[in-house]
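Engineer: Could you have a look at this structure, given as structure tokens, before my questions?
The values are calculated or read from the model by the stated rules, or taken from the named source; none is laboratory data. This structure is a prediction, so every number in the text was calculated from the model and none was measured. Using ideal geometry, Cβ is built from the backbone for each residue, glycine included, and neighbour counts are taken over all protein chains shown. With ligands, DNA and RNA removed, areas are computed over all heavy atoms of the protein, side chains included. Shrake-Rupley method; radii C 1.70, N 1.55, O 1.52, S 1.80 Å.
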Amino acid sequence: MTIPFVHLADVHLGRLQASGLSGDQVAQRRLDALMTLRRCLQHVQEAQIPLLLIAGDLFEHNTVSKATVLEVRDFLGDLTKTKVFIVAGNHDYAATDSFYRTLRWPDNVHLFLDDWDSVRLDELGVTVHGCGFQEPDVSVPVLRDYVAGSENADMLHVVLLHGEYVSGAASSSVYLPVSQADLETSQADYVALGHYHTPKFLWQVDDKVRAAYSGALEPVWFSEEGPHGYFLGELERGGARVELIPVAARQYRHLRVDITGMDTMEAVTEAAKGLLAEVPGNDLVRLVLCGEREPDFEIDFNRLQELGSDHFAFFVRDETVVSYDLERLAQGYSARAVFVRRLRERLEQATPEEEPLIRQALKIGLDALVGREVRLP
């Protein structure tokens with residue numbers, strides 16, 4: 001016997017604000033989150049999914065409006081064939097003035113707001129366990145000593161939790177640390193997690209998923225590329241069969257244009273146009289220029305910015321490096337020579353993550369030393 005379920009998390013109603021967006025764009029992203037949630041719940045209703053798991057950060061405690069929460073509450077109340085479980089996360093923590101505590105929620109909705117609690121659903125043969133945030137920081141690894149499957153062996157056991165996955169029991173976090181050992185010790189058939197915004201299977205046994213992050217329903221930052229939505233699963237003994245259902249209204253996109261060897265803005269814009277042609281206009285795009293350019297080649301950022309006029313949001317970032325003759329510039333005892341030598345030494349020892357930053361510092365420093373206009377990224 002299998003139990004259909006939906007697992008979603010990190011809707012962040014009242015937030016969805018990224019640096020550089022206008023007020024109107026932020027308002028639209030907040031509406032995106034609400035409408036995407038509504039589409040998900042419509043699927044739950046139409047398919048009569050019996051179990052809905054919301055793994056924290058449904059809304060932003062400090063910024064969401066009461067009207068928005070009331071609307072979502074009513075959406076959930078309409079799911080008369082569905083048992084809904086919500087755990088409080090670090091952004092919608094269960095403070096005394098939280099809407100979780102001050103509003104009346106429908107009978108089919110159960111809230112996990114503080115210490116461990118469990119609800120037995122005899123009609124489904126499932127027990128759902130949860131533990132919520134009472135404040136924005138929780139450093140106690142609450143799952144470490146909790147064994148969900150120790151009782152009611154005839155039932156399937158689901159743990160609903162919002163927390164940060166850590167590498168081992170010795171690792172710490174202020175966002176409720178969860179380790180692999182904690183997951184395994186819980187003996188749960190499925191652990192539905194929230195907090196990480198990228199969908200990820202944490203623990204699999206054969207072809208079954210035992211623990212997973214469903215990711216943010218709508219992406220929030222440029223670091224969250226790729227499809228977003230919710231997990232549709234079938235719960236059974238020893239795990240679940242899970243698939244991502246992409247429903248996000250928009251995606252974040254990084255487009256990298258290597259301008260090495262290009263000596264005109266026409267060449268740069270044509271290369272950028274080729275990449276942009278593959279990107280839907282409703283997405284949020286960051287065009288990143290990389291590679292080497294000649295010292296006398298000035299990038300026309302206004303011209304590039306116009307390329308994104310048909311996209312929901314468009315930003316240009318310059319990560320190019322001026323092709324200075326570093327061997328020659330490193331000779332002698334001038335301030336410029338010392339600067340070049342030291343940065344080159346750092347480059348030789350740099351990690352892949354550090355290298356772009358050091359190259360950027362070298363470019364900015366040399367531009368400043370020769371009197372060129374300096375553009376900070």
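Engineer: Report in % the part of the accessible area of region 1-54 that belongs to carbon and sulfur, leaving out ligands and nucleic acids; probe 1.4 Å.
Structural biologist: Taking all protein chains in place, region 1-54 shows 46 percent carbon and sulfur surface.
Engineer: Further question: Counting only the heavy atoms of the protein chains, how much of E46 is accessible to a 1.4 Å probe, in Å² to the nearest 10?
Structural biologist: Looks like 150 Å² after rounding.
Engineer: Could you name the aspartates and glutamates whose alpha carbon sits less than 17 Å from that of K81, not counting residues in the same chain fewer than 8 places away?
Structural biologist: E46, D107, D122, E123, E234
Engineer: So what's region 314-358 giving for Cα Rg divided by 2.2 N^0.38 Å, two decimals?
Structural biologist: 1.37
Engineer: How much length is gained on full extension from D310 to L202, taking 0.36 nm per residue of separation minus their Cα-Cα distance?
Structural biologist: Length gained between D310 and L202: 35.1 nm.
Engineer: First select every other residue whose beta carbon is under 11 angstrom from the beta carbon of S186; then total the charges, Lys and Arg +1, Asp and Glu -1.
Structural biologist: -2
Engineer: Further question on the same structure: Between region 142-203 and region 307-377, what's the alpha-carbon centroid distance in Å?
Structural biologist: Using only Cα atoms to place each centre, the spacing works out to 44 Å.
Engineer: Next up: Ignoring ligands, DNA and RNA, what percent of the 1.4 Å accessible area of region 249-377 is carbon and sulfur?
Structural biologist: Using a 1.4 Å probe with all protein chains present, region 249-377 comes out at 47 percent carbon and sulfur.
Engineer: Provide Rg over Rh for region 257-377; use the alpha carbon set for both Rg and the Kirkwood Rh (inverse mean inverse pair distance).
Structural biologist: 1.03
Engineer: Right, something else. Taking θ = phi - 60°, what integer Hz values does the Karplus form 6.51 cos²θ - 1.76 cosθ + 1.60 yield along region 198-209, in sequence order, with x for Gly and Pro?
Structural biologist: Each residue of region 198-209 in turn: 9, x, 7, 8, 8, 9, 10, 10, 6, 9, 10, 9 Hz.
Engineer: What number do you get for region 232-303 when its Cα radius of gyration is normalised by 2.2 N^0.38 Å, N = residues?
Structural biologist: Expressed relative to 2.2 N^0.38 Å, the Cα Rg reads 1.78.
Engineer: Rg and Dmax of region 107-226, Cα atoms, in Å?
Structural biologist: In order Rg, Dmax, the Cα atoms of region 107-226 give 14.5, 45 Å.
Engineer: Pop out the ³J(HN,Hα) list for region 156-171 in order, Karplus 6.51 cos²θ - 1.76 cosθ + 1.60 with θ = phi - 60°, rounded to Hz; leave Gly and Pro as x.
Structural biologist: My calculation for region 156-171 gives 7, 10, 10, 10, 10, 8, 10, x, 9, 6, 10, 6, x, 4, 7, 6 Hz in order.
Engineer: Then there's this: Can you send over the solvent-accessible area of R336, 1.4 Å probe, protein chains only, in Å² to the nearest 10?
Structural biologist: My reading of the accessible area for R336 is about 90 Å².
Engineer: Compute the FRET efficiency between D114 and A267 as 1/(1 + (r/R0)^6), taking r as their Cβ-Cβ distance and R0 = 45 Å, and round to the nearest 0.05.
Structural biologist: 0.15
Engineer: With all protein chains present, how much of the accessible area of region 83-144 (probe radius 1.4 Å) comes from carbon and sulfur, to the nearest whole percent?
Structural biologist: Roughly 45 percent of what the probe reaches on region 83-144 is carbon or sulfur.
Engineer: Note down the Stokes-Einstein diffusion coefficient of region 207-252 in µm²/s, whole number, using a Kirkwood radius over alpha carbon pairs, 4 °C, and 1.567 mPa s.
Structural biologist: D, rounded to a whole number, is 112 µm²/s.
Engineer: Quick check: with the 1.4 Å probe, what order do E184, E151, E348 take by accessible area, largest first?
Structural biologist: Largest accessible area first, the residues go E348, E151, E184.
Engineer: Sticking with this one: Give me the accessible area per residue for region 129-177, probe 1.4 Å, as a whole number in Å².
Structural biologist: Spelled out: the 1.4 Å probe surface of region 129-177, per residue, equals 45 Å².
Engineer: If you count, for each residue, the other Cβ atoms within 10 Å and average over each peptide, how do 20-28, 37-45 line up from highest to lowest?
Structural biologist: Order by mean packing, descending: 37-45, 20-28.
Engineer: Here's something else I'd like to know. Can you compute log10 of I(q)/I(0) for the chain with the Debye formula, treating each Cα as one identical point scatterer, at q = 0.09, 0.12 Å⁻¹?
Structural biologist: The Cα Debye sum returns log10 ratios of -0.64, -0.93.
Engineer: Now a separate question. Given a 1.4 Å probe, how much area per residue of region 298-377 is accessible, in Å²?
Structural biologist: Here the per-residue accessible area is 65 Å².
Engineer: If I take R0 = 35 Å and measure r between the Cβ atoms of A169 and I364 in this structure, what FRET efficiency does the formula 1/(1 + (r/R0)^6) give, to the nearest 0.05?
Structural biologist: Calculated value: 0.25.
Engineer: Starting from the 7 Å offset along Cα-to-Cβ, what nm value, one decimal, do you get for the label separation of E345 and L103?
Structural biologist: 6.0 nm
Engineer: Positive end of the charge dipole of the chain (Lys, Arg +1 and Asp, Glu -1 on Cβ, about the Cα centre): tell me which of W203, P4, H228 has its Cα farthest that way.
Structural biologist: It is H228, whose Cα lies furthest towards the positive end.
Engineer: Multiply the residue separation of E278 and E135 by 0.36 nm, subtract the distance between their alpha-carbon atoms, and state the gained length in nm to one decimal.
Structural biologist: 47.1 nm
Engineer: Let me ask something else about it. Calculate the FRET efficiency for Q180 and S223 from the Cβ-Cβ distance with a Förster distance of 25 Å, rounded to the nearest 0.05.
Structural biologist: 0.60
Engineer: Highest mean first, how do 107-115, 84-92 rank when packing is the count of other Cβ atoms within 10 Å averaged over residues?
Structural biologist: 84-92, 107-115
Engineer: If you don't mind, another one. Of S98, S171, which has the most accessible area and how do the rest follow, probe 1.4 Å?
Structural biologist: Result, largest first: S171, S98.
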